[in-house]
Amino acid sequence: MSLCKISLNNVKKNFGSKEVLRGIDLEVKKGESLVILGGSGSGKSVLIKTICSLMEPSSGVIKIDNQDISDISSSKKAEMMNKIGYLFQAGALFDSLTIWQNISFILTNCEGVSNKKAREVAIEKLALVGLEERVADLYPNELSGGMQKRAALARAIAGEPEIIFFDEPTTGLDPIMSDVVNDLIVDNSKRLGATTITITHDMASAKKIADKIAMLHEGKIIWFGDKKDMYKSGNDYMDRFINGIGHDKPVDRGFISNVFGKK
C-alpha cells in the first residue's frame, strides 16, 4: 500500500471575516498526482500555498511525511521545504537573472553550490524540458511564453524534489504548447517519482496529469476520486464544471457517461 505523503485535516483559512477554506480534508499518497479543479475564487491557490507553507492555515493540521508542519523546528522546516518544487502560474522568473541563474537559484543561494556546477545542473534540467543549452544565457524577456513556462518547470525540478506544486501550469499557452507542457510535467514527475498537486481549470491538463481529482467549490472539497470516475461523479456542480454546462441548462448524465465514462 502506498504511504500517505501529504494529509490535511479540517484545514481552514480566513482573511479577516472572509472564510476562504472551510474545512479541507485531503490525502495524497506518495508518488500520486492530484489535480484540484475549481472555478475562480474557489480557493485553489490559497489551498496549495497553505499546504506548502507560503501561507499559514487559520486552523487545522497539515502533515508532510506524517510530520505536522506547524509543529517542527525551523531547521526541520527548512529541510522539508528543500523537498518541494513549485511552478508558479506566471512562471515568476527573475527578470534580472539569466535562465541558468533562475533555474539554479536555490542551489547557489541556499545550498552553496558553485556557479560552475549550478550552470551544469541548469543545462541538464533545460534538456529535460526540451530547451537547448543556448537558452541558459538568455534572459526571461528573450523567451516566448511557452519557453518561459518550460524554464520555470526546469527551475521547479532543479533540486530533484519529492513534492511538486503546479499552479495553473498551462495558463496563457495555446493548445499545442499546453499539451507539450502537460507531457513534460508527467514525464518529469514520473522520472523523479514525485508526489504532485496541480491546480487548474483546464480539463485537458486534468485528464493528462491526474491520478486523482478533487473538486473545490466555495472553500470545500465537494468531490474526490479517481480520474476515470470524474465524468460519472453524480455531483451536479462537478458535471457542469467539467463539461462547461451553464446553470440554466440541464445535465444529461446518460450522455456524459456514454461519451466520457472511459479514460
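The values are calculated or read from the model by the stated rules, or taken from the named source; none is laboratory data. Fair warning: this is a prediction, and the values are worked out from it, not measured in the lab. Cβ: placed from backbone, ideal geometry, glycine included. Neighbour counts: every protein chain shown. Side chains included, ligands, DNA and RNA excluded: accessible areas come from the protein's heavy atoms. Shrake-Rupley method; radii C 1.70, N 1.55, O 1.52, S 1.80 Å.
Going through (1) open to solvent by less than 10 Å² (accessible area, probe 1.4 Å); (2) in contact with a Lys or Arg (Cβ under 6 Å, 6 or more places away or on another chain); (3) not hydrophobic (A, V, I, L, M, F, W, C) one by one, K228 falls short only on (1). Would you confirm whether or not the stretch 78-86 contains a residue that is of a type in the set (S, T, Y), open to solvent by 60 Å² or more (accessible area, probe 1.4 Å) and under 23 Å from I106 (Cα atoms)? No. Residues that are open to solvent by 10 Å² or more (accessible area, probe 1.4 Å) and in contact with an Asp or Glu (Cβ under 8 Å, 6 or more places away or on another chain) were ranked within the stretch 194-225; the one that is modelled with the lowest pLDDT is H201. Among the conditions (1) surrounded by 15 or more Cβ atoms within 10 Å (Cβ to Cβ); (2) without any contact (Cβ under 8 Å) to a residue 24 or more places away in the chain; (3) not small (G, A, S), I103 misses just one, which is (2).
Looking across A136, A122, one residue alone is in contact with a Leu (Cβ under 7 Å, 6 or more places away or on another chain), buried (at least 21 other Cβ atoms within 10 Å of the Cβ), part of a helix (DSSP H, G or I) and at pLDDT 90 or above. It is A136. In the stretch 13-39, the residue that is least open to solvent (accessible area, probe 1.4 Å) out of those that are basic (K, R) and in contact (Cβ under 8 Å) with a residue 24 or more places away in the chain is K13.
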